[in-house]
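The values are calculated or read from the model by the stated rules, or taken from the named source; none is laboratory data. Here the structure is a predicted model, which means the values were calculated and not measured. Cβ placement follows ideal geometry from the backbone for every residue including glycine, while neighbour counts extend to all protein chains displayed. Side chains included, ligands, DNA and RNA excluded: accessible areas come from the protein's heavy atoms. Shrake-Rupley method; radii C 1.70, N 1.55, O 1.52, S 1.80 Å.
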Amino acid sequence: IGGSVFWADLDAVDGVDLLYPGSQDSEQFGSILDLRVGLISELSDDRSLEAMLLYNRFDMTHDVTYNDWRWIEDLGNSIIDTRMERNLDRSRTWGVHLGYVVPIGSDGWRLGGIMTGNWVSHPKIPNYELMNIPRDPGNSWAYNIGLGFSRSEKLSVVGIDFIYEPILSNTWADAAERIETPIGRIILPGGKTVENDFQFSNYLLRLGFTSQENERFGIQFGLQVRSIGYKLVQNNYVQEFRRKQRERWQEWTASFGLILNLQELQVKYQGRWTTGTGQPGVSLNATLESAGDSRGFQSIIVAPSGSLTLLDAHVITHRITVSIPITSWSSK
């Protein structure tokens, strides 16, 4: 049985700036706290059981700066207004994980299963420009059900895993003041102005093989296929409309490894290539809106939001590990 406490002070989280397309600058600051307690039990007949409980608290603040271009008709010139938006990103996660492994027959086959559940509370979610989805609080439920087989024979091991990930998420935005809808319905302060329901159905398939040709040299191969799909149902109570959106894509990761055992150390190389994913953004087809002000002239505002796009991205990773056993030193 064991436990862990992890805390970090964060100045930035990678990729957050991509969620604010059209922004000029973004400053991030916050912290993360992670508490875990786990148990691993080696049972009879070469069986094993594992269990874990966790709590995670994530607190971040995003100060995002925009430059808004406006055309002033009376002046016959354009001006740029700079504005800063503060977005809070808060989440609280409670989770439980169970795992069980049992041998099958006497030929080296083993069967394993996992079950994981996470409940996430979102006291505050940033109003990302990406997909133009305003959100305030919300709740998410994520589950993980997996089954795997492996076989060990002399110096080689082969394995296959299949995992299904259903996820449900409900978020909404609250009215800060009294709002009257186009059909005359009144939304009081604190009432919902928009509600988003996400339903994810993800699949993960992994294949792996490792072979130790002799005591000095080994080779590894791996393949992972991740299928991500979701359905969004959004109800906008201010504009009185409802929209549905479905998205699905596959991410492929292939890996290759070499193991070299020398007298005093072990050298490992692993190469990984991921494709099928993308860099999120919005299209550049801006829309124009006219808005009057107290002086009676018209301003043209270019809206920063647009339809969702994914730019193709490939990730190649190389990792070299050198291990020096301490026991070989002490034996001398």
field: One residue from S211, S227, S255 being in a strand (DSSP E or B), in contact with a Leu (Cβ under 7 Å, 6 or more places away or on another chain) and in contact (Cβ under 8 Å) with a residue 12 or more places away in the chain
entry: S211
task: Return the only residue of E153, E129 being acidic (D, E), modelled with pLDDT under 90 and surrounded by fewer than 17 Cβ atoms within 10 Å (Cβ to Cβ).
output: E153
query: Among (1) at pLDDT below 50; (2) within 30 Å of I228 (Cβ to Cβ), which single condition is D312 missing?
result: (1)
field: Criterion (within 30 Å of P103 (Cα to Cα) and either touching a Cys at 6+ places or on another chain (Cβ under 9 Å) or aliphatic (A, V, I, L, M) (or both)) met by exactly one of A12, A8, A51
entry: A51
query: Are any residues in region 209-222 surrounded by 14 or more Cβ atoms within 10 Å (Cβ to Cβ) and out of contact with any Asp or Glu (no Cβ under 8 Å at 6 or more places or on another chain), and if so, which ones?
result: F209, T210, S211, Q212, G218, Q220, F221, G222
field: Search result, residues across region 101-128 that are in contact with a Gly (Cβ under 7 Å, 6 or more places away or on another chain) and closer than 18 Å to R151 by Cβ
entry: V101, G112, G113
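For (1) under 18 Å from R36 (Cα atoms); (2) among the basic types (K, R); (3) in contact with a helix residue (DSSP H, G or I) (Cβ under 7 Å, 6 or more places away or on another chain), each residue gets a yes or a no:
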| position | (1), (2), (3) |
| --- | --- |
| T61 | no, no, no |
| V64 | no, no, no |
| W94 | yes, no, no |
| N118 | yes, no, no |
| P137 | no, no, no |
| R151 | no, yes, no |
query: Among the residues of region 1-25, which ones are over 17 Å from F58 (Cβ atoms), among the small types (G, A, S) and touching a Phe, Trp or Tyr at 6+ places or on another chain (Cβ under 9 Å)?
result: G22, S23
- request: Would you point out which residue out of T171, T181 is surrounded by 14 or more Cβ atoms within 10 Å (Cβ to Cβ) and under 24 Å from the mean Cα position of the chain (by Cα)?
  value: T171
- prompt: Taking the condition out of contact with any Cys (no Cβ under 8 Å at 6 or more places or on another chain) and farther than 20 Å from S140 by Cα, does G95 pass?
  reply: no
field: Residue within region 79-98 that is at pLDDT below 85, over 28 Å from N196 (Cα atoms) and not β-branched (V, I, T) present
entry: yes
message: When the residues of region 247-271 are narrowed to those that are among the charged types (D, E, K, R) and at pLDDT 90 or above, which ends up farthest from N235 (Cα to Cα)?
response: K268
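Rundown of residues vs (1) closer than 25 Å to L262 by Cβ; (2) of a type in the set (D, E, K, R), yes/no style:
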position: R185; (1), (2): no, yes
position: F200; (1), (2): no, no
position: R206; (1), (2): no, yes
position: F209; (1), (2): yes, no
position: Q212; (1), (2): yes, no
position: R216; (1), (2): yes, yes
position: Q220; (1), (2): yes, no
position: I228; (1), (2): no, no
Scan of region 258-281 for residues that are in a loop (DSSP other than H, G, I, E, B) and touching a strand residue (DSSP E or B) at 6+ places or on another chain (Cβ under 8 Å), ordered by number: L265
- request: Report whether or not L43 is open to solvent by 50 Å² or more (accessible area, probe 1.4 Å) and either in contact (Cβ under 8 Å) with a residue 24 or more places away in the chain or in contact with a Cys (Cβ under 6 Å, 6 or more places away or on another chain) (or both).
  value: no
statement: All conditions in (1) part of a strand (DSSP E or B); (2) loosely packed, with under 14 Cβ neighbours inside 10 Å are true of R90 except (2)
